[in-house]
Amino acid sequence: MTESLLFPSRTYIGSGQLFEIPVLTKMLGAGIIVHGQSFWKKKEYKLLQGKLAVKKSFYQYKGGEPGLADVRELIAYCRTKKAAWIAGIGGGSVLDLAKIAAGLYYAGEDPEFYFQGGIIGSRGIPFIAIPTTTGSGSEATNVAVIINEKNKEKSAIRENSLLAHSVILDPNLLIGLDHQVAANSAFDAITHVVEGFFSRRATWFTETLALKAFELLTKNTERFYELLKAKSNEISQEYVDMQLGSYYAGLAFGNSGLGIVHGMSYSLAAIFGAPHGQVCANLLVPSLQLNKDFVNDKYSILSKLVGRDLSEFLTDLKGTLKIENPFKAIEIETKPVIASTLGSPSTKANPKEVKDQDVLWMLAQLTSK
Ligand SMILES: [Fe+2]
């Protein structure tokens with residue numbers, strides 16, 4: 001068996017590491033920092049501005065999942081500014097947008113060409129990933145998820161050259177995160193871990209990372225949610241552990257692939273506009289029932305780590321985090337979901353070989369009253 005592992009070149013972990021940006025980009029020249037709606041209100045924004053040589057290096061993204069038009073706009077902006085690097089400070093959407101803009105900086109075709117499977121023949125410019133949520137794992141992967149606004153089709157562009165040059169995990173950036181956003185993100189991360197651990201492409205290395213991520217995420221999610229809900233202004237160990245758990249989960253699934261939950265999630269999230277983490281949270285337990293007999297002793301390994309049956313633990317955690325099921329008693333047009341699920345690379349890594357009837361069964365579980 002052969003194995004090829006992908007990791008960002010360098011990872012900075014800890015309080016205040018955000019301010020490594022000027023140091024690590026010193027030799028590169030001027031760059032652009034893409035950020036979401038909330039970053040400019042944080043004290044770190046002003047502090048960072050003061051430390052950067054070129055003051056007008058910031059690009060505020062309007063929010064939401066990025067579409068092709070957003071990618072085109074950011075690439076054009078960065079080219080005008082002759083950016084030598086792009087950093088993304090934000091949740092999964094901001095990171096994906098910054099990542100794809102850096103990756104396509106020198107690309108000759110329109111982003112739609114790559115969205116439809118065209119190969120990126122050039123290397124792009126360095127991308128620095130700085131997550132402000134704990135879930136997407138985008139900082140660790142070579143994938144960017146983009147929406148085609150014309151038909152609402154959501155697709156992942158995968159290319160090794162998209163992998164972050166550097167990752168900065170600064171827990172200060174989690175202060176002020178909305179607790180319900182954090183709850184959805186945590187379930188996204190837990191789904192990454194479980195699907196990555198169960199994946200038919202899992203190896204000793206990805207399993208080891210996934211187990212550590214599982215431990216960090218399942219031990220800390222509830223307390224992290226409570227601290228955010230209480231609007232705590234102090235960072236505590238839970239913040240650091242959630243950031244690490246999410247990152248390790250990203251490194252694991254980035255190298256092992258995922259499963260049917262992520263295979264189904266794109267089409268379902270696109271149809272209903274439901275947050276990705278919420279979709280994952282509602283599909284994860286049914287996927288465990290589907291796959292349980294195909295993962296050897298892995299289900300019981302995870303159950304042992306949480307001290308009880310894994311499905312029961314996750315069902316209770318979803319309840320504690322007040323994650324709703326928007327699909328309950330809803331009629332879903334099954335054909336597009338089946339087609340999108342069976343065509344997804346995530347589905348191909350699922351332990352049980354996925355057939356039409358498996359997707360229908362999952363949909364029935366999701367929509368049952
Ligand atoms: Fe995900």
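The values are calculated or read from the model by the stated rules, or taken from the named source; none is laboratory data. Quick caveat, the model's predicted, so the values are computed rather than measured. Cβ: placed from backbone, ideal geometry, glycine included. Neighbour counts: every protein chain shown.
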- Message: Can you say whether residue 246 is polar (S, T, N, Q), within 16 Å of the ligand (Cβ to nearest atom) and either in a loop (DSSP other than H, G, I, E, B) or farther than 19 Å from residue 350 by Cβ (or both), as far as the supplied structure shows?
- Response: yes
- Query: Among the listed residues 172, 148, which satisfies the condition of being in contact (Cβ under 8 Å) with a residue 40 or more places away in the chain, touching a Phe, Trp or Tyr at 6+ places or on another chain (Cβ under 9 Å), over 18 Å from residue 97 (Cα atoms) and surrounded by fewer than 21 Cβ atoms within 10 Å (Cβ to Cβ)?
  - Reply: 172
- Message: Suppose the filter is in contact with a Gly (Cβ under 6 Å, 6 or more places away or on another chain), more than 15 Å from the ligand (Cβ to nearest atom) and assigned by TED's automatic domain parsing to the domain that holds residue 340; does residue 223 pass it?
- Response: no
- Note on the structure: Within segment 175-189, the count of residues that are surrounded by fewer than 21 Cβ atoms within 10 Å (Cβ to Cβ) and within 16 Å of the ligand (Cβ to nearest atom) comes to 1
- Message: Against the condition in a helix (DSSP H, G or I) and either free of Cβ contacts under 8 Å to residues at least 24 places away in the same chain or of a type in the set (Gly, Ala, Ser) (or both), how does residue 365 come out, does it pass?
- Response: no
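Restricting to segment 300-328, name every residue that is in a helix (DSSP H, G or I) and in contact (Cβ under 8 Å) with a residue 12 or more places away in the chain.
301, 302, 305, 306, 310, 311, 313, 314, 315, 317, 318, 320
Only one residue in 266, 248 is closer than 17 Å to residue 193 by Cβ and touching a Lys or Arg at 6+ places or on another chain (Cβ under 9 Å). Which one? It would help to see each step written out before you state the result.
Working: 266 fails: closer than 17 Å to residue 193 by Cβ.
Of the residues listed, the single one that is closer than 17 Å to residue 193 by Cβ and touching a Lys or Arg at 6+ places or on another chain (Cβ under 9 Å) is 248.
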- Message: Looking at 255, 220 in this structure, which one is assigned to a helix (DSSP H, G or I), crowded, with 20+ Cβ neighbours inside 10 Å and free of Cβ contacts under 8 Å to residues at least 60 places away in the same chain?
- Response: 220
